[in-house]
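Read through the structure below, which is laid out as structure tokens, and then see the notes.
What follows draws every value from the coordinates through simple rules; no lab data is involved. As the structure is a computational prediction, the values presented were derived from the model and not from experiment. Using ideal geometry, Cβ is built from the backbone for each residue, glycine included, and neighbour counts are taken over all protein chains shown.
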């Protein structure tokens, strides 16, 4: 699912500015002083909470935990406040929330942005009544569950008690969510079983959707809408779990290490400091489980991998896995305080916890380096080049990088003026635990042939499989009762395909016939012809459009010259698929031979597209250009490429999805 992490990307600068103030006063003598300085006039409200629990030692400790770690905050805009009032007071039906948002947004004279002045600190705004209510409700639910004795106080504080998960606006969600979901776990005796039941309930009911809100919605807005991206769903689900006293954590990858620039978040169950996530069938929990949405499960395999000019992948890999917690990570905070360098916004978050080890990332590498600067472990992110996933420092010239993933490319680098500077070649650790560095060989140059700029995943091959068995026919009968099969698709199409018929003929009627019960979706198709077999010039055939099982409006999307649009057969839900075909009546005076076709299936637009400008780079301390080319075919050929290079092909005309690759055995190997 597409996710832009508002916590680390959109609001990264605000986090930075907010915590700069926090860092400068964190050296106070009393453990409450720094929070009280942030709280200003609200100091008395926080003290009221501590005073309220003076005679209840366990709840006092809980209050102490919340207050001493209260360096949190949230954005506020009047636009979102107005939207919330509208959403909470109307009946939510399909399309209502979108129309309300468009109406409210249209009244704004400037683009919606969140500034530092619109960032509200919890310590300055939360009332004693709100905190006391949160603590009492958290304890009451914890002590009333059959699994209360399975949850220790530390787990309760970290994964049940907090009133927030990330930087969402504050709301009174505990009682409302408990009332809504408690009926689904009546008589359940274990937290694990309760987690699975609630996980499935939310996954089934919370719908996927994107938005362009300036900041995160609060939990009760999410409860009202029940729609959003994986970040929204995870925030909501974590809150539901905690309202029911089920220890849950919000875990995420800010971006996948071998896929697009999108990241992903999910909810994990916590038991005895160990992390469990649901199995693929969502019926049980497992340690070191498969991260939600990290796999493409292939339904068909109707192709020979040896025939493809690149590898097909099915796994999105994490370079690092993080947890968004409530408690300040003191070791990380100390590191930031002592650093004299500019630090990327992701690592200014003092609540950030690296939980990669809990997801089975167990590889490590040691560097020898003389640099005294902060060192960042980076992954290549589509459209952004190298981006950090870990910050560290060498000790006595020795840098230890731990909890790394296998078959993921990493780069160790320093950071200056917004750029990452390599201190060693990029590397990966293979399945056997061996380290491989990418070192270009300037002596041995090779010629390479490229068909794509981004990794191909198997969900696309599934979408292309329906083409297999499709036929191109010609006839002189309008009902095709006497027809010639000129070509049958027997090889999986993977991009722009050019097919030349071995026995072209002159026909009045030409068509494509879809395989029985299949729905191949064309992005583009052209029927090609020649005046004679000896003619060297081919032209596009056209005439009166004919079709069955598909309408002309849909067909036009496959003949508009745009590889981003596509057509599909008309199909009514619940009614079995009907075979479809389409083609042309070329007319009584047609003199052309039907000689071939050019077509492209529905696609991710990452194939080589004729007319687009491309540039190829290799990495040696920095990205170095090999050259530019305007594509004339569905592939590019580059000469004099240093062998063993890590490569990056950019489309300078359009698009941002690009992955690094190597060229081995005449194939692109994606990383």
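Extending 7 Å from the Cα toward the beta-carbon at both residue 309 and residue 585 defines two label points whose distance is 4.0 nm.
Packing-wise, with mean Cβ within 10 Å as the measure, how do 98-105, 240-247, 70-77 rank, highest first?
Values: 98-105: 13.5, 240-247: 26.2, 70-77: 21.1.
The most tightly packed comes first, giving 240-247, 70-77, 98-105.
The Cα atoms of the range 441-494 give a gyration tensor whose axes a ≥ b ≥ c have a/c of 1.5 or more with a/b greater than b/c, which makes the shape prolate.
Across all Cα atoms of the chain, the radius of gyration (one decimal) and Dmax (whole number) stand at 29.3, 100 Å. The residue 143 and residue 204 beta-carbon pair, evaluated with R₀ = 30 Å, returns a calculated FRET efficiency of approximately 0.50.
Mind ordering 278-288, 216-226, 254-264, 149-159 by average Cβ neighbours within 10 Å, highest first? It would help to have the intermediate numbers written out before the result.
Numbers: 278-288: 12.9, 216-226: 21.1, 254-264: 22.6, 149-159: 16.4.
So the peptides 278-288, 216-226, 254-264, 149-159, ranked by packing, come out 254-264, 216-226, 149-159, 278-288.
For the range 48-104 versus the range 577-611, the inter-centroid distance based on Cα atoms is 55 Å.
With the highest mean first, a sort of the peptides 406-414, 269-277 on other beta-carbon atoms found within 10 angstrom per residue produces 406-414, 269-277. Both radii were evaluated on the Cα set of the range 464-601; the Rg over Rh quotient, with Rh as the Kirkwood radius, amounts to 0.95.
Counted over the range 189-274, the DSSP beta bridges are approximately 80% antiparallel. Zone of residue 535 (label point 7 Å along Cα→Cβ, backbone N under 14 Å): which residues in the range 463-505? Only 504-505 pass the distance filter.
If you take every DSSP beta bridge fully contained in the chain, what fraction is antiparallel? Give it as a percent rounded to 5. Approximately 95 percent, going by the DSSP bridge assignments. Computed from the C-beta positions of residue 82 and residue 197, the FRET efficiency with R₀ = 45 Å rounds to 0.80. Cα extents for the range 154-276 along the principal axes, largest to smallest and rounded to whole angstrom: 42, 31, 26.
Modelled label positions at residue 635 and residue 189, each set 7 Å beyond Cα in the direction of Cβ, lie 6.5 nm from each other.
Once the piece of chain linking residue 33 and residue 179 is laid out straight, how much longer is it, given 0.36 nm per residue of separation minus the C-alpha distance between them?
On the way: separation 146, 0.36 × 146 = 52.56 nm, distance 3.76 nm.
Gain in length upon complete extension: 48.8 nm.
Each helix, a run of at least 4 DSSP H residues, gives -39500 (n - 2.57); summed and divided by the residues of the chain, these come to -7000 deg cm²/dmol at 222 nm.
Which value results when the Cα radius of gyration for the range 167-219 is divided by 2.2 N^0.38 Å? Before the final figure, lay out the partial values.
On the way: Rg = 13.9 Å, N = 53, 2.2 N^0.38 = 9.9 Å.
Cα Rg divided by the expected 2.2 N^0.38 Å: 1.40.
The long axis of helix 57-68 is offset from the longest Cα principal axis of the chain by roughly 60 degrees.
Sorting the Cα pairs of the range 217-300 by distance into bins of 5 Å, from 0 upward, gives 3, 13, 20, 23, 21, 13, 5, 1, 0 percent per bin.
If one computes P(r) from the Cα atoms of the range 6-245, what percent of pairs lie at distances over 27 Å? Before the final figure, lay out each step's value.
Numbers: 11728 of 28680 pairs.
Considering the range 6-245, 41 percent of its Cα-Cα pairs are separated by more than 27 Å.
With R₀ fixed at 51 Å, the C-beta to C-beta distance from residue 125 to residue 553 puts the FRET efficiency at about 0.45.
Using 0.36 nm per residue of separation minus the Cα-Cα distance, give me the extension gain between residue 542 and residue 503 in nm, one decimal. My answer for the length gained is 12.0 nm.
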